[in-house]
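The values are calculated or read from the model by the stated rules, or taken from the named source; none is laboratory data. What you are looking at is a predicted structure, and each value in this text was computed from that prediction instead of being measured. Neighbour counts run over all protein chains shown; Cβ positions are idealised from the backbone, glycine included. The area values use the complete protein model at the heavy-atom level, side chains included, leaving out ligands, DNA and RNA. Shrake-Rupley method; radii C 1.70, N 1.55, O 1.52, S 1.80 Å.
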Amino acid sequence: MMMHNGNNGYGNGVMASASTTTSTALTSSPSATNAQSQALKTYFKTPEGRYKLHYEKTHPPGLLPYSHSKSISQITLAHVKEKPAQAGAAPSSSASTSSGVRYAAARLLGVGGGNGGRPPSFVGGNGASKAANVTSRSSLLAGSNGSHSMLLSNYDGKGTYLIFNVGDTLFFSDLNSPDKDPIKSIHFSNSNPICHAFDPEAKDGDDLLIGLYSGDVYSVSLRQQLQDVGKKLVGAQHYNKEGSVSNSRCTGVAWVPKGDGAFVVAHADGSLYVYEKGKDGTVDSSFPVIKDQTQFSVVHAKSSKSNPISRWHICQGSINSIAFSADGAYLATVGRDGYLRVFDYSKEQLICGGKSYYGALLCIAWSFDGKYILTGGEDDLVTVWSMEDRKVVAWGEGHNSWVSGVAFDSYWSSPTSDGSEENVMYRFGSVGQDTQLLLWDLSMDEIIVPLRRCPPGGSPTFSTGSQSSHWDSACPVGTLQPAAPSMRDVPKLSPLIAHRVHLEPLSGLIFTEESVLTACREGHVKIWMRPGNLESQSNNSEVLVGSGPKEQPPLPGKTSAASYKSVHR
């Protein structure tokens with residue numbers, strides 16, 4: 001394992017000169033394409049076949065903001081469903097839902113980077129807010145003809161969209177369009193968008209959250225923004241306006257699953273606030289001063305009309321990332337202090353947690369069944385935590401710098417699984433500031449590799465013959481492990497593949513049914529098609545690269561933490 005020994009914030013100074021490199025389009029000039037191909041391959045191999053680079057998405061180079069270095073690009077995937085037909089409304093044209101029209105709309109509404117002209121700006125947002133004066137940029141030609149107007153009226157926003165921030169701008173791209181440039185961008189003149197989240201369960205109203213460096217938060221309807229490309233931001237609800245609740249920068253936003261519009265906002269001061277969508281926040285929402293910064297505490301607003309409705313003080317120092325379990329029962333956070341913390345959300349109670357091997361934790365992800373949590377951070381490790389045991393059960397070694405993104409692949413299933421507990425396997429991925437994507441398989445066989453036979457009821461032993469108290473019992477509910485376990489106590493995982501996917505340090509990773517998305521901190525996104533999907537696309541032009549959220553696939557068999565404690569080699 002390689003420890004970080006620099007102080008530049010990007011782990012060992014990896015690719016320091018790469019920040020000036022612009023990602024090359026697949027359809028660029030032959031000389032530029034050849035130069036890139038020598039540095040990066042356009043595919044990587046796994047046992048199930050090749051993942052191939054299909055599309056790239058990025059921001060127009062002519063629109064790079066001056067404050068580019070103040071924020072790191074994050075990515076959000078949003079699937080906008082077909083708009084329900086209104087009573088008495090004439091049926092929409094079939095062309096309005098075809099991929100061809102979506103692509104045409106994307107090109108018409110796209111923020112072109114090659115015309116050399118600066119697009120017109122429109123006053124948007126909520127008037128004269130100092131913290132977030134929001135405008136929308138577009139390259140719509142003045143005096144559009146009637147056919148253009150008809151296309152806009154039919155463009156209902158249905159589709160899958162990629163949302164990513166670069167500097168002081170938030171970009172929207174049609175994931176299924178081959179166009180590299182975004183179809184819309186929103187500029188924040190006095191603060192940078194830092195984080196964002198989409199609510200696939202929203203039945204109506206706002207479904208997109210945007211958190212800013214200033215601490216301000218917006219909720220908007222993504223469909224409305226797409227329908228009004230080239231106009232001001234429509235229908236934005238503004239929370240924590242000008243730091244009325246907290247002047248600390250946002251570090252994460254998340255909708256509460258099945259929460260009827262509730263959402264949480266994490267801040268760099270270690271506090272997390274719970275809001276209700278659409279609730280008027282003009283009533284005094286002040287909270288008492290935190291007496292002990294090191295202790296977890298929850299305080300509710302004095303008035304039932306207040307928004308936010310409560311404040312959770314999580315830790316001393318920044319909360320770096322937050323994530324809900326799929327059922328919304330648990331909220332997990334990681335922070336600058338190196339701790340993972342897991343809370344029962346409805347009971348507002350700490351359940352468990354533990355410390356990194358070294359340094360801060362930067363990213364977090366839940367397994368689709370809620371049994372495991374992934375974390376990554378400054379120790380260059382991918383850590384697997386068991387909710388049943390409430391402790392670390394595996395460390396993944398393979399990155400050469402800080403781990404900046406982790407995710408489980410809920411669409412992958414092992415071709416060799418027979419449904420038994422011992423043969424259940426999870427696939428997950430990680431990206432780091434070493435510019436690499438790593439894929440991992442977590443199986444019971446991998447977990448028990450370091451263990452030797454042990455008597456029933458006894459602690460597993462390792463090659464040294466010494467007993468490990470780490471495996472004696474589950475940690476008590478409501479306690480944090482004060483220190484990371486010893487290196488010899490935890491099984492080590494090796495990556496299935498390691499592939500350098502970008503020139504710049506990576507910041508994001510998303511799995512979809514058909515593809516894998518990787519993003520770098522400079523705002524370049526690559527879409528890697530799964531084996532076999534490119535061939536199927538050539539036979540069916542309507543197959544989409546991204547799909548909306550679906551029911552999480554059931555595991556081949558029920559996994560129990562006891563399986564890796566009782567199975568003998």
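Which count do you get for residues in segment 60-83 that are within 16 Å of Ser185 (Cα to Cα), at pLDDT 90 or above and not aliphatic (A, V, I, L, M)?
3
Are any residues in segment 312-326 under 18 Å from Val245 (Cβ atoms) and in a loop (DSSP other than H, G, I, E, B), and if so, which ones? Don't jump to the end; show me each part of the working.
Taking segment 312-326 as the starting set, the residues that turn out to be under 18 Å from Val245 (Cβ atoms) are 312-314, 318-319, 322.
Scanning segment 312-326 gives Ile314, Ser318.
Could you please give the count of residues in segment 343-365 that are of a type in the set (A, V, I, L, M, F, W, C) and either over 24 Å from Arg311 (Cα atoms) or open to solvent by 30 Å² or more (accessible area, probe 1.4 Å) (or both)?
We begin by selecting, within segment 343-365, every residue of a type in the set (A, V, I, L, M, F, W, C); these are 343, 350-352, 360-365.
Next, only the ones that are either over 24 Å from Arg311 (Cα atoms) or open to solvent by 30 Å² or more (accessible area, probe 1.4 Å) (or both) stay: 350, 362.
Qualifying residue count, segment 343-365: 2.
Which one is nearest to the chain's Cα centre (by Cα) among residues in segment 340-396 that are among the basic types (Lys, Arg) and closer than 15 Å to Ile314 by Cβ? If you could, list the steps in order and put the result at the bottom.
Of the residues in segment 340-396, the ones among the basic types (Lys, Arg) are 341, 347, 355, 371, 390-391.
Those left that are additionally closer than 15 Å to Ile314 by Cβ: 341, 355.
Numbers: Arg341: 18, Lys355: 22 Å.
Taking the candidates together, the pick is Arg341.
Which of (1) part of a loop (DSSP other than H, G, I, E, B); (2) without any contact (Cβ under 8 Å) to a residue 60 or more places away in the chain is the odd one out, the single condition Asn307 does not satisfy?
(2)
Find the residue count for segment 269-311, including only residues that are under 13 Å from Val245 (Cα atoms) and surrounded by 16 or more Cβ atoms within 10 Å (Cβ to Cβ).
Final tally of qualifying residues: 16.
Across segment 178-191, what is the number of residues that are assigned to a loop (DSSP other than H, G, I, E, B) and either closer than 16 Å to Ala323 by Cα or modelled with pLDDT under 90 (or both)? Talk me through it step by step, then tell me what you get.
Filtering segment 178-191 for residues assigned to a loop (DSSP other than H, G, I, E, B) gives 178-183, 189-191.
Next cut, either closer than 16 Å to Ala323 by Cα or modelled with pLDDT under 90 (or both) only: 189-191.
Adding up the residues that qualify gives 3.
Would it be correct to say that Arg336 is in contact with a Ser or Thr (Cβ under 6 Å, 6 or more places away or on another chain) and open to solvent by 40 Å² or more (accessible area, probe 1.4 Å)? I'd like the intermediate steps shown before the answer.
Values: in contact with a Ser or Thr (Cβ under 6 Å, 6 or more places away or on another chain): yes; open to solvent by 40 Å² or more (accessible area, probe 1.4 Å): yes.
Spelling it out, Arg336 is indeed in contact with a Ser or Thr (Cβ under 6 Å, 6 or more places away or on another chain) and open to solvent by 40 Å² or more (accessible area, probe 1.4 Å).
Exactly one of (1) open to solvent by 10 Å² or more (accessible area, probe 1.4 Å); (2) within 27 Å of Ser507 (Cα to Cα); (3) over 21 Å from the mean Cα position of the chain (by Cα) is unmet by Ser246. Its number?
Evaluating Ser246 over (1) open to solvent by 10 Å² or more (accessible area, probe 1.4 Å); (2) within 27 Å of Ser507 (Cα to Cα); (3) over 21 Å from the mean Cα position of the chain (by Cα) leaves (1) as the failure.
List the pairs whose first member sits in segment 501-515 and is under 19 Å from Leu374 (Cβ atoms), whose second member is among the basic types (Lys, Arg) and open to solvent by less than 30 Å² (accessible area, probe 1.4 Å), and whose Cβ atoms are under 8 Å apart, counting only residues at least 6 apart or on separate chains?
Within 8 Å, the pairs are Val501/Lys526.
Against the condition open to solvent by less than 10 Å² (accessible area, probe 1.4 Å), farther than 23 Å from Ser404 by Cα and modelled with pLDDT of 95 or more, how does Val220 come out, does it pass?
Numbers: open to solvent by less than 10 Å² (accessible area, probe 1.4 Å): yes; farther than 23 Å from Ser404 by Cα: yes; modelled with pLDDT of 95 or more: no.
The answer is no for Val220.
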